[in-house]
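These notes concern the structure reproduced below.
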Amino acid sequence: MSTVLVTGGAGFIGSHTCVELLASGHVVVVVDNLVNSSARAIAAVEAVSGRGVTFVHGDVADRSTLDGLFARHGFGAVIHFAALKAIGESVAEPLRYYGNNLGSVVTLLEAMQDAGCRNLVFSSSATVYGNPTNAPIDETVRLEAVNPYGRTKLMGEEIMRDLCAADQRWKIVLLRYFNPVGAHPSGELGEDPRGIPNNLMPYLMQVAVGRREKLPVFGGDYPTRDGTAIRDYIHVVDLAQGHVAALGVLDELASGCHAFNLGTGTGSTVLELVRAAEEVIGRPVPFEIVERRAGDAVAVWADPTRANTALRWRATRDLRDMCRDHWAWQSTHPYGFGDAPEGS
Ligand code: NAD
Ligand code: UD1
């Protein structure tokens, strides 16, 4: 058990990971600039864990913030979640994405090097496989990025591979997430997207609570069992536990960079997810099949064998668990950590 620096720890995946880190006895220090999150998430982490978190409101691309943290704490490892993650926004504002996501990677690695902490877990993404055609996807599939956000993840990995090649003392775990959904089962912690959600589950749940009229289902004529696209949805608590598992086996791993898929290994169609949600909610969720979304792959799911073996980790929660826990959060917090807008 060690003290862990969690960048982006107020965000969706980071906050759930803080809960699991605390539950396994780690001391947690979070740095987050709250550009896409709320300090209320940290309070919720503490409430559901019954333990405290040291929170620093700051930017990971700011070297002096990091130096202050490394001077005050002896970190055993860093988990780097902090990043901007909206694909459309990354196409419209590429410099903001490269500056934030890669600026923070380089600054963090420099600060870690100077402080002598060379154990890192990095939030990568299945986006580094581009739009793959042959599911299941294992870690040997050729890497390719198809938008600026994806390039920041791929370049982040490349920077880390170069660093590990240059200095054998580094141990870096690259976790490639598939489609994280769900929420903490307490209903007190969950995803809180700003504006119109880009992703399926938050959009569906906002329809279910009456914030939006109906779910657009992007494409009903794909060559799949019901015509809708297939993804590997993974419960955010399983994902969070994957990070704790990665820290737990760091000592056993050889030095260098290690990539692992975090997914369930099972693909679900959009309509299967809608049906699972309707079952736990107890009523229909209005949807309409519309045009395909440009750039979408047909069917993507993980081969998580490498993570199952090397991390001794496995996703255990199914689609129903994901929908039940996401609904517990959304139905009790229809506006996430924010307040309902006036007149609503
Ligand atoms: P999120 O936006 O909820 O969390 C990211 C957090 O980082 C936010 O709290 C934000 O305020 C913070 N942040 C961003 N830039 C920062 C900076 N320069 N300094 C300090 N804090 C900063 O997103 P998430 O869904 O929790 O994603 C976490 C990580 O996982 C990201 O790196 C993301 O790219 C990656 N990822 C997410 C998904 C997904 O579907 N959610 C899938 C694959 C990979
Ligand atoms: C998206 C990103 C991917 C990122 C992942 C993280 C794109 C092209 N890809 O993947 O890089 O790693 O999020 O979670 O954005 N859908 C609907 N209606 C909606 C929203 C989505 O039908 O309102 C469908 C999509 O067409 C897709 C599935 O639901 O088939 C999942 O979509 P989404 O949640 O956006 O995730 P991905 O597209 O897999």
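The values are calculated or read from the model by the stated rules, or taken from the named source; none is laboratory data. Note that the structure is predicted; figures quoted are calculated from it, not measured. Glycine gets a Cβ as well: all are built from the backbone with ideal geometry, and neighbour counts include every protein chain shown. Surface accessibility is based on the protein's heavy atoms, side chains included, excluding ligands, DNA and RNA. Shrake-Rupley method; radii C 1.70, N 1.55, O 1.52, S 1.80 Å.
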Report summary line: Output for region 144-179: chymotrypsin sites (Phe, Trp or Tyr not before Pro) sitting in coil per DSSP, at most 14 other Cβ within 10 Å, listed by number, reads none
Report summary line: Rounded to whole angstrom, the alpha-carbon centroid of region 178-229 lies from that of region 67-85 at a distance of 31
Report task. Name the residue, out of S124, S186, S38, whose mean-square fluctuation peaks in a Gaussian network model built on the chain with Cα pairs under 10 Å. Result -> S186
Query raised in the report: Of all GluC sites (Glu not before Pro) in region 288-344, which ones are in loop regions per DSSP and have a Cβ with at most 10 other Cβ atoms within 10 Å?
Result: E291, E342
**Report entry** Relative contact order of the chain, defined on C-alpha pairs under 8 angstrom at six or more residues apart (%)
**Finding:** 20
Report summary line: Per the rule of 0.36 nm per residue minus the C-alpha distance, extending E213 to A310 adds in nm 30.5 nm
**Report entry** Point-to-point label distance, R161-A340, nm (Cα→Cβ direction, 7 Å offset)
**Finding:** 5.1
Report task. First check a/c for the chain, with a ≥ b ≥ c the square roots of the eigenvalues of its C-alpha gyration tensor; if it is under 1.5, answer rounded, and if not, answer prolate when a/b is larger than b/c or oblate otherwise. Result -> prolate
Query raised in the report: With a ≥ b ≥ c the root eigenvalues of the C-alpha gyration tensor of region 205-344, is it rounded (a/c under 1.5), prolate (a/b larger than b/c) or oblate?
Result: oblate
Query raised in the report: Under the definition of Cα pairs under 8 Å and six or more residues apart, what whole-number percent is the relative contact order of region 169-284?
Result: 41
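Measuring with a 1.4 Å probe in the full set of protein chains, what accessible area per residue, in whole Å², belongs to the chain?
For the chain, the per-residue accessible area is 41 Å².
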Report summary line: Quick shape check on region 233-298: root eigenvalues a ≥ b ≥ c of the Cα gyration tensor, a/c under 1.5 is rounded, otherwise prolate if a/b tops b/c, else oblate, and it reads oblate
**Report entry** Qualifying trypsin sites (Lys or Arg not before Pro) in region 46-153, DSSP loop, other Cβ atoms within 10 Å at most 14
**Finding:** R142
Report summary line: DSSP beta bridges in the chain: the antiparallel percent, rounded to 5, is 5
Report summary line: Averaging 1/r across every pair of distinct alpha carbons in region 81-232 and inverting yields a Kirkwood hydrodynamic radius, in angstrom, of 17.8
